[in-house]
Amino acid sequence: MEDSVEQKRNPREFALASVAELSSPASSASPGIARFLSDDSVAQLQIHQDSHQIAQDIDFRTAQLFKLSPVQSICMVEGSDVGKETSFSRGITIQFRNEEESGDFHNVFQEWKKEVNVQESDRNLPNGAISSCKSKFDEKIESSSAKMYFHYYGQLLHQQNMLQDYVRTGTYYAAVIENRADFTGRVVVDVGAGSGILSLFAAQAGAKHVYAVEASEMAEYARKLIAGNPTLGQRITVIKGKVEDVELPEKADILISEPMGTLLINERMLESYVIARDRFLTPNGKMFPTVGRIHMAPFTDEYLFVEIANKALFWQQQNYYGVDLTHLYGTAFQGYFSQPVVDAFDPRLLIAPPMFHVIDFTKVKEEDLYEIDIPLRFTASVGARVHGLACWFDVLFNGSTVQRWLTTAPGSPTTHWYQLRCVLSQPIYVMAGQEITGRLHMVAHNAQSYTIYLTLSAKMWGPGAEQGGILQTSSCKLDLKEPYYRMSQPQAYALAQDQQAQPLIQTQVLNIQSQDLDEPEIMQQPSPNSCAQVNSLMQNI
């Protein structure tokens, strides 16, 4: 084992266009060199700037590398103070000479990091035991975020909120019970079991044994609930711990989990679901859910835009108890538009047919979820002011007997996920038939969420458009961790008397209503039991 690892760790050296400490001024950046070295079987990364080291012996177990652009990255290095918890406290910005060298550097970094982690964990542990070394989860997630996350899901009131989402719970129940053939006599692992409800569903469907893995204090409540259902509970074992850490006595024939967050990816539990697949699932095992899709479409909503913009008016006061607040108005304005909006909206606000991005849970790599880049292209159905991008998701339970979808689409029965909208601080105008292009770029961060970078552009429209370029562009940066929960706010989309002077909104509503809304093509969802549609989807991903 040692020899094979040593062969993979050939020293590598990369010339850097510039390198600097994140905390240093931009003017301090200068050319540098990054060296991957292996000394006495210890892997090291050294970064030099102007002939002196700015980062020595970077620990691959805890270092994180994030791509900011095709040629720029940031390396976060763990630092610690005596008597304090360790934290990612030091960053190094790296500018590469070209995209190819950037890609090579990232590949080498991940290969060396993977080899170091394999060496750390390459030892046998008793069944149900938890590794004492720092887990993969702890490496990439800030400890304070993880503490808050597990505290939240360790409370019964939050579990009740999810259980009372009858679209969610009922769909899971139907997907399991209607596919008894997949569960009968099989070993099941419930990833992030929570209250244990999915484990109980699996037992009802005839599972041979279910391992319910739950890291929060909810594991104790799950034990009580399962013990209170002894005919099912005798085939369920609750294991308190993270799926990244625990060891199980046998492989699973099927994984079941509810790893979806807002916009499908929030909370980064999909990564744990994929890790559980790689650690516990047999080669031909099944995953419930099997596939996830993020749907996107541009929208118009003057009410929402004005509501967000008006929040910052507080900071336009020039005499607030004798204090001029206006110097913070611009920052406050951008701050409110950096919050994704979570609510349930009228699908008639969409101004173009949606597109979707597929994540196949059976094939996706954990690293693929660190950064998700989606090119956008739409054709406007109506003339409107585009206020941003609306997003929702659905997941497929690809059972052997029945294929069932769980959707969070606007116009469908509302779930506790609602929908999500990214609102532009500078809307763009489009005409019917005009092409809208852009990019949705989502980068994972260590607070168990994502930073969202959205750009939408309106392309030249009409005669001569082939030779034309971009007419308008608007961009925004949002933090998926800090949304604006608007679910309880009044959403009066009907036109009021004081809004008669806004012809744009009236025109849009009339134009959209002229379409057949009973079977809206713009929001067409796959039939839950359409085998042909499911097979077509699975072949195309």
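Criterion first (in contact with a Lys or Arg (Cβ under 6 Å, 6 or more places away or on another chain) and open to solvent by 10 Å² or more (accessible area, probe 1.4 Å)) does residue 364 satisfy it? Talk me through it step by step, then tell me what you get.
Values: in contact with a Lys or Arg (Cβ under 6 Å, 6 or more places away or on another chain): no; open to solvent by 10 Å² or more (accessible area, probe 1.4 Å): yes.
When the stated conditions are applied, residue 364 does not pass them.
Have a look at 507, 455, 473, 437 and point out the one that is modelled with pLDDT under 50 and closer than 18 Å to residue 299 by Cβ.
So the residue among 507, 455, 473, 437 that is modelled with pLDDT under 50 and closer than 18 Å to residue 299 by Cβ is 507.
Considering only segment 165-176, how many residues are free of Cβ contacts under 8 Å to residues at least 40 places away in the same chain and of a type in the set (S, T, N, Q)?
The total comes to 1.
Just name the residue that is nearest to the chain's Cα centre (by Cα) out of those in segment 248-259 that are under 26 Å from residue 291 (Cα atoms) and open to solvent by 10 Å² or more (accessible area, probe 1.4 Å).
258
List pairs: first in segment 101-115 and farther than 14 Å from residue 63 by Cα and assigned by the TED database to the domain that holds residue 44, second of a type outside the set (D, E, K, R) and exposed (fewer than 14 other Cβ atoms within 10 Å of the Cβ), Cβ under 7 Å, 6+ apart or cross-chain?
Within 7 Å, the pairs are 102/70.
For the structure I just gave you, tell me whether residue 232 is crowded, with 20+ Cβ neighbours inside 10 Å and either more than 16 Å from residue 172 (Cα to Cα) or touching a helix residue (DSSP H, G or I) at 6+ places or on another chain (Cβ under 6 Å) (or both).
Details: crowded, with 20+ Cβ neighbours inside 10 Å: no; either more than 16 Å from residue 172 (Cα to Cα) or touching a helix residue (DSSP H, G or I) at 6+ places or on another chain (Cβ under 6 Å) (or both): yes.
Here the answer is no, as residue 232 does not meet what is asked.
Looking at segment 177-206, which of the residues that are touching a residue at least 40 places away in the same chain (Cβ under 8 Å) and assigned to a loop (DSSP other than H, G, I, E, B) is surrounded by the fewest Cβ atoms within 10 Å (Cβ to Cβ)?
It comes out as 178.
Just one of (1) out of contact with any Gly (no Cβ under 8 Å at 6 or more places or on another chain); (2) outside any loop (DSSP other than H, G, I, E, B) trips up residue 376, so point out which.
All conditions pass for residue 376, except number (1).
Consider only pairs whose beta carbons are under 7 Å apart and that are at least six residues apart or on different chains; among these, list those whose first residue lies in segment 1-19 and is open to solvent by 90 Å² or more (accessible area, probe 1.4 Å) and whose second residue is hydroxyl-bearing (Ser, Thr, Tyr) and modelled with pLDDT under 85.
Filtered contacts from segment 1-19: 2/41; 11/38.
The values are calculated or read from the model by the stated rules, or taken from the named source; none is laboratory data. Here the structure is a predicted model, which means the values were calculated and not measured. Positions of Cβ are generated from backbone atoms using ideal geometry, with glycine treated the same way; all protein chains shown enter the neighbour counts. Side chains are part of the model used for accessible areas, which takes the heavy atoms of the whole protein and leaves out ligands, DNA and RNA. Shrake-Rupley method; radii C 1.70, N 1.55, O 1.52, S 1.80 Å.
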